[in-house]
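Below: one structure in structure tokens.
Since every read-out is calculated from the coordinates, none of them should be taken as a lab result. All values reported here derive from a predicted model rather than from experimental measurement. Cβ: placed from backbone, ideal geometry, glycine included. Neighbour counts: every protein chain shown.
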Amino acid sequence: MMNPEPEHRIEDEGRTKMEEQLKEIYSSIEELRRETEERKTPDRLGWDDIAQEAIGAVTFALPFVFTSELWEIAKDTSVERSILILLMTLGIAYLFIVKSRIGNLKKEELFHIPKRLLTVIVIAYMISAGLIYLYGINGLADFTVGQYFNATVLISTFAVIGAITVDMVR
């Protein structure tokens, strides 16, 4: 007569193997669920975002620092017009960051002003003014203080766009 024990052992081994595979599948599903939830959570402003903003500002501003046509425009533009350009740039940056819904950004404010807007503006204008000084463009173009301000505003228009663009790309 045949012994039924080996058949039970084979069935038990098959069952444990299936249970292990099911556990792997469940853990994979759980990991996918966590990853999906992480993607849905809005991105908080952090050092990585600030670094991205700085990289974007430098990348977009640097070509314009060396453009003599921009130096001439900075010399011919009035400070009042530069202030209007600055306000226009702030408006465009505000629309990009707050109203465009590009990117999954967490709404963070400081004194009712979006933190990303503040960091983008500060970084872009500091980098633009710093690049003009670093490369000696103010001496080469013979800028007055008002013309230096004008050149900073003009170059920062591009730096702000670059900072926002690179920050929002994930």
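Grab the beta carbon distance between VAL122 and ARG15, set R0 = 41 Å, and tell me the FRET efficiency rounded to 0.05. Could you put the intermediate results ahead of the total?
Numbers: r = 63 Å, r/R0 = 1.55.
FRET efficiency, VAL122 to ARG15: 0.05.
Please compute the net charge surrounding GLN147, taking Lys and Arg as +1 and Asp and Glu as -1 over other residues with Cβ under 11 Å from its Cβ.
On the way: positive: LYS75; negative: GLU72, ASP76, ASP142.
In short, -2.
What FRET efficiency comes out for LYS107 versus GLU30 if R0 is 30 angstrom and r is the Cβ-Cβ distance? Round to the nearest 0.05.
Values: r = 29 Å, r/R0 = 0.98.
Efficiency at R0 = 30 Å is approximately 0.55.
May I pose another question? What ranking, highest mean first, results for peptides 85-96, 18-29 when packing means the other Cβ atoms within 10 Å averaged over each residue?
On the way: 85-96: 15.6, 18-29: 10.0.
The most tightly packed comes first, giving 85-96, 18-29.
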